[in-house]
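The structure appears below as structure tokens.
The values are calculated or read from the model by the stated rules, or taken from the named source; none is laboratory data. Computed from a predicted model, the values in this text were never measured in an experiment. Methodologically, a virtual Cβ is constructed for each residue, glycine included, from the backbone with ideal geometry; neighbour enumeration extends over all protein chains shown. Heads up: the accessible areas ignore ligands, DNA and RNA and are worked out on the full protein's heavy atoms, side chains in. Shrake-Rupley method; radii C 1.70, N 1.55, O 1.52, S 1.80 Å.
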Amino acid sequence: MQLDDATVSSLRRENDDLRRRLAEVERRLAGREAPSAAAEAEAGGRSAAPVSPGPGGDGPERASGQTELDGGGMLSAILDNAPMYIYAKDREGRYLLFNRRCQEIAGCSFEDVRGKSDYELNPREVADAYSQADREVLTTGKPMSVEEAVPTGAGTLHVLSVKFPIMDAAGRVAGVCGISTDVTEQRRAEQENQRLQQEMLRMQESMLRVLSTPLIPIARGVLVMPLVGDVDGRRAEQVLEALLEGVSSSSSRVAILDVTGVPSVGPEVADGLVRVAKAVGLLGAEVVLTGIQPRMAQALVEMGEGLSGLVTRSTLESGIAYAMGRIGR
């Protein structure tokens, strides 16, 4: 099941923001080497003023009063506290980076996976799934998004992964970095939503079926089923099933099938109505067909001998009178 465009865009924005933050840290680390005294003298023409230690006595302060941050420590803090799974591999698929979230879900430390590939850490089918996207990034040199299933001790974790190439100093693809976001709960919610929709459709179908084939007991031993609207082959089958079930459960002797509200039926449906009468007759009951319109009468007449044993009346009222007479009332 695919994620909607809004969700994918949001996850990509989060991943792009993290990548910008990492790039900024790397830039700051690259510029942290202090200039030499000679360079300072050449630039300013005078010796540098002494810098007093900060309040803690452990290091210098910037002119703004902000304590100099340790770039390596800040990078580690970002990686380990990011709410995503962040990892990196070289071209051979050996792990170079495995942040704290990855360690938590894998149940092992970075030292346990450092320098190892997915094939050394997972079953082959799982490793194949992981490495497929990695190989595409290594081959194309372009980032990509892919949804992956991660087996864990607590069940399957579904993640949306953004994978992108890591370049070396010469601009060649040296490895792959992945940033994965947990979408397990969203997947579960989607599956539950689908289950509820299917259940609702089943309920609606059941209700429509009852409404399309209503059974009304008007006296002990007499049932009436008024039909309204077109009757096709499928509905004729539903009529047959509902009548058989109703006659059997109520031990009725007469079932009135009123077709006053049916505009027309073709030969196939007319044949279906005759089959209804014969099937109900096998249960010891009798079908009375009432409210026949001219076109339906013509279709029934064309069936010839197929009408034998089928009782017809022009109106529902006359059909009820016939049924009451049959049960002795």
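Taken over the range 128-145, the residue count meeting the criterion of being hydrophobic (A, V, I, L, M, F, W, C) and over 17 Å from Gly175 (Cβ atoms) is 1. Based on what the data block shows, is Gln186 in contact (Cβ under 8 Å) with a residue 40 or more places away in the chain and open to solvent by 20 Å² or more (accessible area, probe 1.4 Å)? Criteria met by Gln186. Of everything listed in (1) in a loop (DSSP other than H, G, I, E, B); (2) surrounded by 12 or more Cβ atoms within 10 Å (Cβ to Cβ), the single unmet condition for Leu160 is (1).
Going by what's in this entry, would Gly319 be described as modelled with pLDDT of 85 or more and surrounded by fewer than 22 Cβ atoms within 10 Å (Cβ to Cβ)?
So Gly319 fails the test.
If I filter the range 140-157 down to residues being of a type outside the set (D, E, K, R) and surrounded by 16 or more Cβ atoms within 10 Å (Cβ to Cβ), which single residue comes out as farthest from the chain's Cα centre (by Cα)? Checked the range 140-157; the qualifying residue farthest from the chain's Cα centre (by Cα) is Pro143. Of all residues in the range 113-127, exactly one satisfies the criterion of being closer than 17 Å to Gly175 by Cα, part of a helix (DSSP H, G or I) and open to solvent by 30 Å² or more (accessible area, probe 1.4 Å), namely Tyr119. Residue count for the range 243-263 under the criterion of being in contact (Cβ under 8 Å) with a residue 40 or more places away in the chain and open to solvent by 10 Å² or more (accessible area, probe 1.4 Å): the result is 3. When the residues of the range 84-131 are filtered to those that are under 16 Å from Val150 (Cβ atoms) and in contact (Cβ under 8 Å) with a residue 60 or more places away in the chain, the one that is farthest from the chain's Cα centre (by Cα) is Lys89.
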